[in-house]
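K.L.:
My structure is below; once you've seen it, I'll send some questions.
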Amino acid sequence: MIRCIDLRGAAGPDAFDYRAVLLRASLDIEAAMDTAGSICADVRRRGEAAVLAATRRFDGVEDPLLTVPAAAMQQAYAQLDPDVRAGLAESISRLRRTCEAERRTDVTTRVADGATVTRRQVPVRRVGLYVPGGLAPLMSSVVMNVVPAQAAGVESIALSSSPQREHGGLPHPVVLAACVTSGVDEVYAVGGAQAIAMFGYGAGPCQPVELVTGPGNVYVTAAKRLLRGHVATDGDAGPTEIMVLADDSADAVYVAADLISQAEHDPLAASVLVTTSTELADRVQQELVRQVAAAKHAERIGASLSGPQSAVVLVHDLGQGIHVADAYAAEHVSVQTRDAHEVAMRVRTAGAVFVGPYTPVSLGDYCAGSNHVLPTAGSARHSSGLSVNTFLREVHVVSYDEPALRAVAPAVVALAEAEDLPAHGAAVQARL
């Protein structure tokens, strides 16, 4: 069901490129740029009319609405299963607790007598949050985008999700219910590149935003690239990924269940097991066959696990396994080994790390208190997941009195002269 790669004879990380053998699903964002570019240009030129035309064309909604009526949101909330409502409340509560702890305070540094620099934390004024509506109604992505924005102090929050024909051209009811639960009332029934363009340029009642966050399909990603610079965006979101790092102490039932849980997202999702144990690898293969056969989305899961992006990787020891994990830089890394916490702390590149047999990755998707909007496609080497800090800007406030300026003036003048910018130095000397 899932291919096997034996790296036990490979040289060290400086001599062997693990990334060359750990493939990822093909996602041609460049090929989507032309389509996304034409949509964005049309929205910039025609505004709401272009958004509605794109909704008819791509979502098959004959009489599209731009704004979701408040009554429809309240109805969705009223009809939500009480257990789901309780689960959403728990997810929000746990995430809000960690977000409030993340919120940094202003810091003032006294660099000399009479001279201070204050680093202020200033929230972005208005944000646009995108929640995909593809293979699954991701109500959890409402929570993961909204709560850190609220904790950061963002004053204006708009959210958009794909319209569904089977739901009267509105986003899925559970997404709308999650918006009510999270405290968001500006919601749009727009998906794809047109939603990103609506946020970036404004359309109808939707005013332009300063920042767009949230995962989406290849056209959403392409549109975010096109608008980057006009507005800020979070990272590109590719198919979800899990890497399980395990030794012979791991439970094959747990490992297989974790691999399947992420494969369930998308046929392009990547599920990778890195292990020192051939016996565990064999048991996991057997468990995959058994568990996939009983899964609701067996076809989607099977396509993911049998694709080139998924694999069982054999390594000679955990040290090599950590090198493999760091080279791959997975969105999710699950450590199921002896001394799991110590091993987890040695993993340097991952969107999030899940420690031990009782911390499944799906916990992070919902109620761990962590955020599930995480870097994919290897971008965890240089990027972080969504957090309160995504919605904050740092502003330096500099204050010098006359003695402090006089004391540093010779250094400023000397540096300005060295750069052949004498007017810089003159602006100091004029005050003295």
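Quick note: the coordinates plus some simple rules give every number you see, no bench work behind them. None of these values were measured; they are calculated from a predicted model. Don't worry about glycine lacking a Cβ; one is built from the backbone with ideal geometry, like all the others, and counts go over all protein chains shown.
K.L.:
For the pair residue 107 and residue 14, what calculated FRET efficiency results from E = 1/(1 + (r/R0)^6), where r is the Cβ-Cβ distance and R0 = 41 Å, to the nearest 0.05? Walk me through the numbers before you get to the answer.
P.N.:
On the way: r = 38 Å, r/R0 = 0.94.
Efficiency at R0 = 41 Å is approximately 0.60.
K.L.:
Taking every DSSP beta bridge with both residues inside the chain, roughly what % is antiparallel (nearest 5)?
P.N.:
Working: 17 of 53 bridges.
About 30 percent, rounded to the nearest 5.
K.L.:
Pick from 237, 418, 350 the residue whose mean-square fluctuation is largest in a GNM of the chain, springs joining Cα atoms under 10 Å.
P.N.:
Per the Cα network of the chain with a 10 Å cutoff, 418 tops the list.
K.L.:
Using the Karplus curve 6.51 cos²θ - 1.76 cosθ + 1.60 with θ = phi - 60°, work out ³J(HN,Hα) for each residue of segment 360-368 in order, rounded to whole Hz, and write x for Gly and Pro.
P.N.:
x, 4, 5, 4, x, 5, 10, 10, 6
K.L.:
Taking only Cα atoms and a 10 Å spring cutoff, compute GNM fluctuations for the chain and point out the largest among 402, 30, 342.
P.N.:
For the chain, modelled as a Gaussian network with Cα springs under 10 Å, the answer is 402.
K.L.:
Identify, among 139, 426, 70, the residue whose Cα sits farthest towards the positive end of the charge dipole of the chain, taking +1 on the Cβ of Lys and Arg and -1 on the Cβ of Asp and Glu, with the dipole about the Cα centre.
P.N.:
Selected residue: 426.
K.L.:
I've got another one for you. Can you give the convex hull volume per residue for the Cα atoms of segment 276-432, as a whole number of Å³? Present the calculation step by step, with values, prior to reporting the outcome.
P.N.:
Numbers: hull volume 35.8 nm³, N = 157.
Per residue, the Cα convex hull of segment 276-432 comes to 228 Å³.
K.L.:
Using modelled amide H (1.01 Å from N, peptide plane; none on Pro or chain starts), what sits under 5 Å from the amide H of residue 212, excluding residues fewer than 5 places away?
P.N.:
Result for residue 212 returns 128, 232, 233, 234.
K.L.:
Kindly state, as a whole number, the per residue volume in cubic angstrom of the convex hull around the alpha carbon atoms of segment 368-432.
P.N.:
Working: hull volume 11.8 nm³, N = 65.
Residue-normalised Cα hull volume stands at 181 Å³.
K.L.:
Okay, moving on. Relative to the Cα centre, what is the charge dipole magnitude of segment 320-432, using +1 at the beta carbon of each Lys and Arg, -1 at the beta carbon of each Asp and Glu, and rounding to the nearest 20 debye?
P.N.:
Numbers: 7 positive and 11 negative charges, 54 e Å.
So the dipole magnitude of segment 320-432 works out to roughly 260 debye.
K.L.:
Compute the length gained on full extension between residue 34 and residue 426: take 0.36 nm times their separation in residues and subtract their Cα-Cα distance, giving the result in nm to one decimal.
P.N.:
Result: 136.1 nm gained on full extension.
K.L.:
Principal axes first, then extents: for the Cα atoms of segment 29-233, list largest minus smallest coordinate on each axis, whole Å, largest first.
P.N.:
On the principal axes, segment 29-233 reaches 68, 43, 29 Å in Cα extent.
K.L.:
Out of 2, 20, 170, whose Cα points farthest toward the positive end of the dipole of the chain (charges: +1 Lys, Arg; -1 Asp, Glu; placed on Cβ)?
P.N.:
So the residue we want is 170.
K.L.:
Can you list residues whose amide H is under 5 Å from residue 393's amide H, if they're 5+ apart or on another chain and H is modeled 1.01 Å from N?
P.N.:
Amide H to amide H, under 5 Å and 5 or more residues apart or across chains, residue 393 pairs with 122, 124.
K.L.:
Moving on. Take each complete run of DSSP H in the chain, measure how far its Cα atoms stretch along the helix's own axis, and keep only those covering 18 Å or more with mean Kyte-Doolittle hydropathy at least 1.0; list them. The partial results should precede the final answer.
P.N.:
Details: long enough: 29-46 (25 Å, -0.06); 82-102 (30 Å, -0.58); 139-152 (21 Å, 1.13); 278-293 (23 Å, -0.43); 402-418 (24 Å, 1.06).
Length and hydropathy pass: 139-152, 402-418.
K.L.:
Out of residues 5 or more away from residue 241 or on other chains, whose amide H comes under 5 Å of its own, with H placed 1.01 Å from N in the peptide plane?
P.N.:
270, 331, 332
K.L.:
Considering the dipole of the chain built from charges on the beta carbon (Lys and Arg +1, Asp and Glu -1) around the Cα centre, which of 231, 337, 91 is farthest to its positive end?
P.N.:
Result: 231.
K.L.:
Okay, which of segment 344-365 sit inside 20 Å, backbone N to the point 7 Å along the Cα-Cβ direction of residue 303?
P.N.:
Output list for this probe position: empty.
K.L.:
Treating the beta-carbon of each Lys and Arg as +1 and of each Asp and Glu as -1, no other charges, what is the dipole magnitude of the chain about its Cα centre, to the nearest 20 debye?
P.N.:
Working: 35 positive and 48 negative charges, 161 e Å.
Dipole size: approximately 780 debye.
K.L.:
Taking springs between alpha-carbon atoms closer than 10 angstrom, which of 87, 128, 351 fluctuates most in the Gaussian network model of the chain?
P.N.:
Sorting by GNM fluctuation, first place goes to 87.
K.L.:
About its Cα centre, how strong a charge dipole does segment 29-233 have in debye, to the nearest 20, once Lys and Arg get +1 and Asp and Glu get -1 at the Cβ?
P.N.:
For this selection, approximately 620 debye.
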